[in-house]
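The values are calculated or read from the model by the stated rules, or taken from the named source; none is laboratory data. Note that the structure is a prediction, hence the values are computed from the model and not measured. Using ideal geometry, Cβ is built from the backbone for each residue, glycine included, and neighbour counts are taken over all protein chains shown. Accessible surface areas use protein heavy atoms only, side chains included; no ligands, DNA or RNA. Shrake-Rupley method; radii C 1.70, N 1.55, O 1.52, S 1.80 Å.
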Amino acid sequence: MNLLDAAAEWLNEQRRECLSVPIIYRPKTGGSFEIPATLGRTLFRAENQYGSTIRTESRDFLVAAADLPNDPERGDTIIYNGCRYEVLAPNAEPVWRWSGPHNLTRRIHTKEIGDVNA
């Protein structure tokens with residue numbers, strides 16, 4: 001392992017330990033498990049049929065690849081702070097992407113769909 005790989009792993013572990021909050025991840029296939037995640041956001045832009053720019057902001061959850069070994073899928077849900085979030089992204093964008101060049105952290109795009117009690 002070279003120095004940059006070691007530094008990336010150390011930084012990812014610091015993010016996980018110091019900046020994360022607990023979330024419950026529920027794959028659409030069933031089951032659920034608690035993992036740490038860091039909160040983020042992504043602003044998506046697209047042009048509609050009239051030439052106007054439509055902006056959509058997603059709530060992102062950054063999770064260590066080791067904590068979520070399977071790729072997130074559209075329709076999975078995340079429970080955080082009493083709210084439910086559906087894994088999805090607008091404009092046929094992928095629902096997740098790697099955050100950083102070392103493929104240690106997944107950035108999962110979501111939309112709030114209601115509270116847990118709904």
List the number of the failed condition for R84; all other conditions in (1) open to solvent by 40 Å² or more (accessible area, probe 1.4 Å); (2) under 12 Å from the mean Cα position of the chain (by Cα); (3) within 20 Å of V116 (Cα to Cα) hold. (2)
G51: in a strand (DSSP E or B), at pLDDT below 95 and open to solvent by less than 50 Å² (accessible area, probe 1.4 Å), yes or no? no
Restricted to the range 40-51, and to residues that are without any contact (Cβ under 8 Å) to a residue 24 or more places away in the chain and not basic (K, R), which residue is nearest to Y85 (Cα to Cα)? L43
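For every residue, the table says whether it meets (1) open to solvent by 50 Å² or more (accessible area, probe 1.4 Å); (2) in a loop (DSSP other than H, G, I, E, B).
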{"residue": "I23", "(1), (2)": "no, no"}
{"residue": "T29", "(1), (2)": "yes, yes"}
{"residue": "T42", "(1), (2)": "no, no"}
{"residue": "T56", "(1), (2)": "yes, no"}
{"residue": "F61", "(1), (2)": "no, no"}
{"residue": "A66", "(1), (2)": "yes, yes"}
{"residue": "P72", "(1), (2)": "no, yes"}
{"residue": "P94", "(1), (2)": "yes, yes"}
{"residue": "R97", "(1), (2)": "yes, no"}
Do we find that T56 is in contact with a strand residue (DSSP E or B) (Cβ under 8 Å, 6 or more places away or on another chain), within 21 Å of S20 (Cα to Cα) and among the β-branched types (V, I, T) in this structure? no
